[in-house]
Amino acid sequence: MEPNAIADDLVLRRDVGPVALLTLNRPKALNALNQPLLARLAERLREIASDADVRVVVLTGAGEKAFVAGADIAEMADYDPATAQFFALAGQTVLNHIGSLGKPVIAAVNGFALGGGCEVVLACDFAIASQKAKFGLPEVTLGVIPGFGGTQRLARLIGRHNALRWILTGDVHSADEALRLGLVTQVVAPEELLNTALEIAQRIATRGPVALTAARQVVDQGWDVPLADGLRKEAAAFGRLFHSADQKEGMAAFLQKRQAKFIGK
Ligand code: DAK
């Protein structure tokens, strides 16, 4: 390996037991998402998708200041319309992959999560924030709109009026405001952020992996369909789990008063 290969890696990976910690690593540009960083993130997600030893992912940003300060403005400045659309689709594809990974992804938001960074948070299963974190979709201050799913996912998560207030003002919001609106589930002291996220991830990693995948899928599939359709999807997924070894093991372990040993099948 080249001497700087690890330090230069745009997305660092450190495995802590069954949890993969991914760190977006362009701290000098506040981890702004350029095409190489998005491509590396896509590669990391593919790697993790096919690694059965990884059960849960934690995503964070390198450095003290930022989770991700947005899409890379320097890179976007001279885009023509076709390149801009291609870039938006490329970003949306990577963020969709977070949702379709089949493994929970927790955002540990350590600083600025603006524009594309806020959209990364929205694509994760849930997010924990440091008290220093700041959130917002400031794209209109640059004469554009959110392009990595922000106009769609934010409104679904915090409601149309709150989302429009964020998107139309471009204002930056505190971690407490993000907590109040449900964008993050917990706010902790900066020095506790990673341990808190990793501890929750480790706990999730002890649960049945097949059930985790099914639960995420059904929540997402039912998000914007009528309740009756969502309930049918839930019942179908519940039934399918009775084909799995994990269901047999989980229920047998309960009845035998022991810890379950899930194999993810
Ligand atoms: N892109 C590129 N570089 C960035 C950056 C960004 N988003 N954010 C920060 N940097 C760079 C700065 O240029 C600076 O670089 P040097 O000058 O040192 O070379 C370095 O990071 C440190 O930043 P600052 O010196 O500005 O640090 P401060 O503490 O003073 O300010 C800040 C921090 C986060 C408040 C400020 O950097 C800032 O306002 N950054 C921009 C935040 C922002 O507007 N983010 C949203 C980006 S727009 C679409 C696809 C995607 C999107 C939209 C459309 N389609 C294709 C349709 C998404 C758009 C966005 O995400």
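The values are calculated or read from the model by the stated rules, or taken from the named source; none is laboratory data. Just so it is clear, the structure is predicted and the values come from calculations on it, not from any experiment. Positions of Cβ are generated from backbone atoms using ideal geometry, with glycine treated the same way; all protein chains shown enter the neighbour counts.
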**Report entry** Search result, residues across segment 175-231 that are in contact with a helix residue (DSSP H, G or I) (Cβ under 6 Å, 6 or more places away or on another chain), assigned to a helix (DSSP H, G or I) and more than 30 Å from Ile263 (Cα to Cα)
**Finding:** Leu181
Query - Looking only at segment 68-99, and only at residues there that are surrounded by fewer than 15 Cβ atoms within 10 Å (Cβ to Cβ) and part of a loop (DSSP other than H, G, I, E, B), the one that is nearest to the ligand (Cβ to nearest atom) - result: Tyr79
**Report entry** Selection from segment 113-158 of residues that are under 25 Å from Gln217 (Cβ atoms), free of Cβ contacts under 8 Å to residues at least 12 places away in the same chain and not polar (S, T, N, Q)
**Finding:** Ala155
Requested in this report: Determine if segment 94-109 includes at least one residue that is more than 13 Å from the chain's Cα centre (by Cα) and more than 19 Å from Ala163 (Cβ to Cβ).
Outcome: no
Query - So Lys257, is it assigned to a loop (DSSP other than H, G, I, E, B) and free of Cβ contacts under 8 Å to residues at least 24 places away in the same chain - result: yes
Requested in this report: Among residues belonging to segment 38-67 that are within 16 Å of the ligand (Cβ to nearest atom) and not in a strand (DSSP E or B), point out the one that is nearest to Leu198 (Cα to Cα).
Outcome: Ala62
**Report entry** Condition met for Gly63 (over 30 Å from Arg203 (Cα atoms) and modelled with pLDDT of 95 or more)
**Finding:** no
